[in-house]
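Each reported figure results from applying straightforward, stated rules to the coordinates on display, with no laboratory input. Keep in mind the model is a prediction, meaning the values are calculated, not measured. Using ideal geometry, Cβ is built from the backbone for each residue, glycine included, and neighbour counts are taken over all protein chains shown.
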Amino acid sequence: MLLAILLVAQAVSPPKELILVKAAHLIDGTTDTPRDGLGVLIEGDRIKEVGPVAQLAGRAQRVIDLGNATLLPGLIDAHTHVLLQGDITAADYDDQLLKESTPYRALRASAAARTALMNGFTAIRDVETEGAMYADVDVKTAIARGVIPGPRMFVSTRAMAPTGMYPLLGYSWELHLPEGVQIVDGPDNIRKAVREEVKYGADLIKFYSDRRYYRSTDAKKPLRSLVNFTDEELKALVDEAHRLRKKVAAHAMGWDGIDAALRAGVDSIEHGDGLTPDLLERMAKQGVSWCPTMYVGVYVAQGRGGIWPEMVELEKVAFQAALKHGVKIAYGTDAGGYAWTENQAKELSIMVRYGMAPMKAIQSATSVAAALLDPLCPPQARECAGSDIGAVAAGKYADLIAVDGDPLKDISLLEHVRFVMKAGVVYKQ
């Protein structure tokens, strides 16, 4: 009887409304040339068809006409921290962990997530909670259930580092203080930690490969660092994560930390200020992605002092070398490392200024980033046909943004998104 009722209910369910979104220009996230005169037909939360407006208009129940705008896929930020609100200095970081409860930080994270969405980022990869345990899973769930607005979230939960190698540090040994990461030591402990994070909702695993960055006199290795894990420990971490079909992101800034991460077989290098031609060749060969996060370096350098201002220039050199070596560059900003009042799209202008073609920068923040977020995309893939996001194409999620003018002529226009749709729902118009 129940089955019969369900069948009848399905039979009489009204068809989903067909919505046509049209604009003068379309950048689809995968092809290298924008196209004009096309519309996007949406059914429910998916793109049903992309084609000439004249052919699609008669089938739509509703039309969203964006006039002379440029339509693009929703942007993807592959390196964020919604549970941080900027940490230029150690004191900024310590205050958040010592003076803000996890529930309060989660409330602030919900505001950060909304900001990201309104700025045109319909998906983010959030790479650790910095002491807020599994609160990123809660924020992700609240967004997915429609409790709060925000981008699709791919979360790493608690990043990993060994004992004594990540803040909070420098306090009396008599005090029991929060940890900014999950402390792990030894291969068995690490395998267990990977399993725990996956159990509680991790979409990927993130670890800190190095610390204490210093300038070297060796021109071939200008930025060195101290490595956190042994090779045996990292092999266990990456092996267990991949066994559970989760990708691995490595915070690695100096030559030594990047080298260790690549030996272990990670999927992405985060920051990578000390990348050199030899490391870039290895990355290209292994299909490892790079999330440069250059704007945050500029933002925090003067406040942190020391070697940080030099690292800004080192990363510029590394970025230009990466373009020559054909390394996959996935857009990542480290938002949360700087205040969420700064627009995440500012990274695009730096990428273009450093020599990346505007269309390649847009693809970095769409199809290339989507391939990194998808655990089933193979290492060498620059885009992934199976991914649900990152492109304007039939079958993909209806995640769309629009800007006035031509972002290929002025990439900073993407700092002024005027239309945002996620899963067929308009959040900004």
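Overview of results
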item: Potential lengthening between residue 410 and residue 310 on full extension [0.36 nm per residue; Cα-Cα distance subtracted]; result: 33.2 nm
item: C-alpha long axis of helix 187-199 to longest principal axis of the chain, angle in °; result: 20
item: Karplus 3J(HN,Hα) series, Hz, for the range 417-422 with 6.51 cos²θ - 1.76 cosθ + 1.60 (x for Gly, Pro); result: 5, 10, 9, 9, 10, 10
item: Order by protection proxy (mean Cβ within 10 Å, highest first), peptides 232-238, 408-414, 149-155; result: 149-155, 232-238, 408-414
item: Antiparallel %, DSSP beta bridges [both residues in the chain], to 5; result: 50
item: Theoretical FRET efficiency, 1/(1+(r/R0)^6), r = Cβ-Cβ of residue 281 and residue 33, R0 41 Å, to 0.05; result: 0.85
item: Orphan Cys of the chain, criterion: no other Cys C-beta under 4.7 Å; result: 291
item: 0 to 90° range, to nearest 10: angle between helix 90-99 axis and the chain longest Cα axis; result: 70
item: In degrees, nearest ten, helix 308-325 long axis to first principal axis of the chain (Cα); result: 60
item: Charge tally in the Cβ shell below 12 Å around residue 187, where Lys, Arg are +1 and Asp, Glu are -1, residue 187 excluded; result: -4
item: Long-range HN-HN contacts of residue 51 with modeled amide H, under 5 Å; result: 39, 41
item: Cross-link partners of residue 346 among lysines (Cα-Cα below 18 Å; sequence separation of 8 or more within a chain); result: 316, 360, 409
item: Label point 7 Å beyond Cα of residue 175 along Cβ direction - residues of the range 95-126 with amide nitrogen under 11 Å; result: 95, 98-99
item: Order of 101, 225 under a 10 Å beta carbon neighbour criterion, fewest first; result: 101, 225
item: For the range 34-39, 3J(HN,Hα) per residue [Karplus equation, 6.51 cos²θ - 1.76 cosθ + 1.60, θ = phi - 60°, Hz, x = Gly/Pro]; result: x, 10, 10, x, 9, x
item: Efficiency of FRET from Cβ geometry, residue 59 and residue 428, R₀ 22 Å, rounded to 0.05; result: 0.30
item: Extension gain (nm, one decimal) between residue 95 and residue 212, 0.36 nm per residue minus Cα-Cα; result: 40.0 nm
item: Rounded to whole Hz, the Karplus (6.51, -1.76, 1.60) HN-Hα couplings of the range 17-22, x for glycine and proline; result: 5, 8, 10, 9, 9, 10
